[in-house]
Amino acid sequence: MLRAAATGVLGLAVLAGCSSPPAAPPSAPPAPPVTTSAPASAVYSPALCTAATEFQTAANAILQLDATKVGTEGVKAALQDLADAGQRLADAAASQFGPQVDALKQALASLQTTIASIQDEATLSAKLGALAGSVAQVEAAAKPIVDSLRTGCPGVPPVATPPPT
C-alpha cells in the first residue's frame, strides 16, 4: 500500500510539473505581431537534443514506475536517473538557457538531498511529500528548456500521462 501510494504521488508530481495550466480566456484581443517575418527555426546541438530526450525519458519512466515491484531501491534508482539526466540537460543547455539552467540546478540539488535521505521503506513513506515536491520542482524547472528544444529536436518524446489506477 505504501509503495502504491509512492507511485501515485510521484506520478502526480511529475504530471503536475509537466502539464500546462489551463489558459484563461483573453480579456482583450491579442496584439498584432511586431514583425512580419517568421522567426528562424532554432538549431540545437545533437548533445543538447540527446540530453533533452534522456531527461524526458527519465521523467516519463517515473510515471510508469511500480514501486510495489521495484521497491525502495528501484524508486531511488529512478529518481537518480531523473537527477542524472537533469544534470546532463543543465550542462548541455548552459550556454543557451542560462537563467533556466540556474533554476534547474537548484531544483536538482533539492532532489539529490531528498534522494539521499531515503534509506528504507519507512523513510520513503515519510518523505513522499518531499519527493513529490522535489520531482515537481525539477520538472517545472526543466519544462521551459525541454519545451523550447522540442521545435529543433524532434526526437524528444512527448510528456507521458500516468497510467490509470
Largest first, what is the accessible-area ranking of ASP147, ASP102 with a 1.4 Å probe? ASP102, ASP147
Measuring from label point to label point, each 7 Å out along Cα→Cβ, what is the GLN80 to ALA140 span in nm? 2.7 nm
Inverse of <1/r> over all distinct C-alpha pairs of the stretch 56-165, i.e. the Kirkwood Rh in Å, gives 14.5 Å
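Using a 1.4 Å probe on the protein chains only, how many percent of the accessible area of the stretch 36-165 belongs to carbon and sulfur?
58 percent
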Express in nm, to one decimal, how much length is gained between GLN96 and SER45 on full extension, taking 0.36 nm for each residue of separation and deducting their alpha carbon distance. 17.3 nm
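Heavy-atom accessible area per residue, the stretch 38-98, 1.4 Å probe: how many Å²? Could the numbers behind the result be given before it?
Working: 2800 Å² over 61 residues.
On a per-residue basis, the stretch 38-98 sits at 46 Å².
The values are calculated or read from the model by the stated rules, or taken from the named source; none is laboratory data. These numbers were taken from a predicted model, which means no experiment stands behind them. All Cβ positions, glycine included, derive from the backbone under ideal geometry; neighbour counts span all protein chains shown. Keep in mind that these areas ignore ligands, DNA and RNA; they rest on the heavy atoms of the full protein, side chains included. Shrake-Rupley method; radii C 1.70, N 1.55, O 1.52, S 1.80 Å.
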